[in-house]
Amino acid sequence: MQTLKEKVILITGANRGIGKSLVKASLEKGAKKIYATSRDVNKMPNFGDKRIETLALDITDNTQILEIAKNTKDVNVLINNAGILSYGNILKGEISMLEDDMRVNYYGTVNMMRAFAPVLEQNTPARIINIASIVAYSPLASIAGYSASKTALYSATLSVRTELEKKGITVHAVNPGAIDTDMNKGSDWDMPAPDGIAKIILDKVEVGELDIVPDVMGLEMYNTWKEEPSRLAEMFSKMYHGE
Ligand SMILES: NC(=O)c1ccc[n+]([C@@H]2O[C@H](COP(=O)([O-])OP(=O)(O)OC[C@H]3O[C@@H](n4cnc5c(N)ncnc54)[C@H](OP(=O)(O)O)[C@@H]3O)[C@@H](O)[C@H]2O)c1
């Protein structure tokens, strides 16, 4: 088992939600150093631990990504957590929102992997952990742009897994169901808190699980899809039509 103890971990979108919880869980795992990044460092909570260095990083800014990669040459675990969710379907949704989802969730994360792969190659054994979503397996039409961006991200994650598998870098995909963060503000679903989910994600990373579904609701959806993909599509269709 390759634990996260003494690892140098970089986390995107670390100021709130699952990212913030991943910082706390990484500290508990005994990480040597954590680069906690966010668009605005003034929004970063005080984690009260000297192992944390906060850095400004907007993953849609490739110049900033390359600069950070140049200055954090000791990273051996990259956690791509930053993401956005826009509401809207494919036919009537705002096209700019479909583009926003792709720009952040797909191209932003792809650019992170491209910039950090050479760094990670120097620091093996290394890992990339990409937070995609359960909708990577089957789209939810009310968040169609988000779903497409996460399916694209999951696909890129699988490609990079193959590209790096002989280079000492393990690439994990994390596909959660609904978690209780700002992203689901206003939802009346019964959702797990991000702190517990972050711990489960890192436990599963440590035992080498490649495709991680960390929550009960997500696992039910994943198992439905695994049994018969059209059954999850049917479940999501019913949700879309409010049946
Ligand atoms: N919550 C869920 O149910 C759920 C389920 C499946 C997957 N996920 C995925 O889990 C990840 C974390 O989501 P969350 O639930 O914790 O959402 P959240 O509370 O809304 O947090 C999103 C984080 O991403 C950051 N971010 C957004 N755009 C960014 C950009 N261009 N560059 C850098 N950081 C950016 C945000 O920073 P600001 O504070 O600056 O906006 C924030 O830190 C996302 O990738 C999301 O898609 C969430």
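Nothing in this text is a laboratory measurement; each read-out follows from the coordinates by a stated rule. Quantities reported herein were computed from a predicted structural model and do not represent experimental measurements. A quick note on method: Cβ atoms are made from the backbone with ideal geometry, for glycine too, and the neighbour counts reach across all protein chains shown.
A few remarks follow.
- Helical content alone sets the calculated 222 nm signal of the chain at -13000 deg cm²/dmol, taking -39,500 (n - 2.57) per DSSP H segment of four or more residues and averaging over every residue.
- Cross-link partners of residue 33 among lysines (Cα-Cα below 17 Å; sequence separation of 8 or more within a chain): 5, 7, 20, 24, 50, 70, 73
- Across 29, 92, 20, mean-square fluctuation computed from a Gaussian network of the chain (C-alpha pairs under 10 Å connected) peaks at 92.
- A simple count of charges around residue 39, restricted to other residues whose Cβ falls under 10 Å of its Cβ and scoring Lys, Arg +1 and Asp, Glu -1, yields -2.
- Converting phi to 3J(HN,Hα) with the Karplus coefficients 6.51, -1.76 and 1.60 and the offset θ = phi - 60°, the range 191-203 yields 10, x, 6, x, 4, x, 5, 4, 4, 4, 4, 5, 4 Hz in sequence order, with x at every glycine or proline.
- Helix 62-71 and the long axis of the chain differ in direction by around 30°, with both axes built from C-alpha atoms.
- Segment residue 32-residue 207, extension gain: residue separation times 0.36 nm, minus the distance between their alpha carbons: 61.1 nm
- Amide H contacts of residue 127 (H built 1.01 Å from N, under 5 Å, at least 5 apart or other chain): 77, 78, 170
- Distant-in-sequence amide H partners of residue 212 (H built 1.01 Å from N, under 5 Å): 173, 174, 175
- Among 51, 127, the ranking by other beta carbons within 10 Å of each residue's beta carbon, starting with the fewest, stands as 51, 127.
- With both labels modelled 7 Å from their Cα along Cα-to-Cβ, the residue 216 to residue 189 distance reads 1.4 nm.
- Cα→Cβ-extended label distance, 7 Å offset, between residue 6 and residue 73, nm: 2.1 nm
- Rounded Å value of the spacing that divides the Cα centres of the range 152-169 and the range 171-200: 24 Å
- Stokes-Einstein translational diffusion, the range 20-101 - Kirkwood Rh over all Cα pairs, 1.306 mPa s, 10 °C, in µm²/s: 107 µm²/s
- GNM flexibility winner over the chain from 147, 155, 38 (Cα, springs under 10 Å): 155
- Measuring nothing but alpha carbons in the chain and taking Rh as the Kirkwood radius, the Rg to Rh ratio lands at 0.95.
- Label-point separation in nm, residue 121 to residue 49, each point 7 Å along Cα→Cβ: 3.1 nm
- Result for the chain in a Gaussian network model with C-alpha springs under 10 Å: among 40, 215, 101, the largest mean-square fluctuation is at 40.
- Over the chain, relative contact order from alpha-carbon pairs under 8 Å, at least 6 apart, %: 19 percent
- Residues 65, 90, 59, 11, sorted so that the one with the fewest Cβ neighbours within 10 Å comes first: 90, 65, 59, 11
- Cα shape, the range 130-178, gyration tensor, a/c 1.5 rule: prolate
- Degrees between helix 216-227 axis and first principal axis of the chain (Cα, 0 to 90, nearest 10): 70 degrees
- Relative contact order for the range 113-232, counting Cα pairs under 8 Å that sit 6 or more residues apart, in percent: 26 percent
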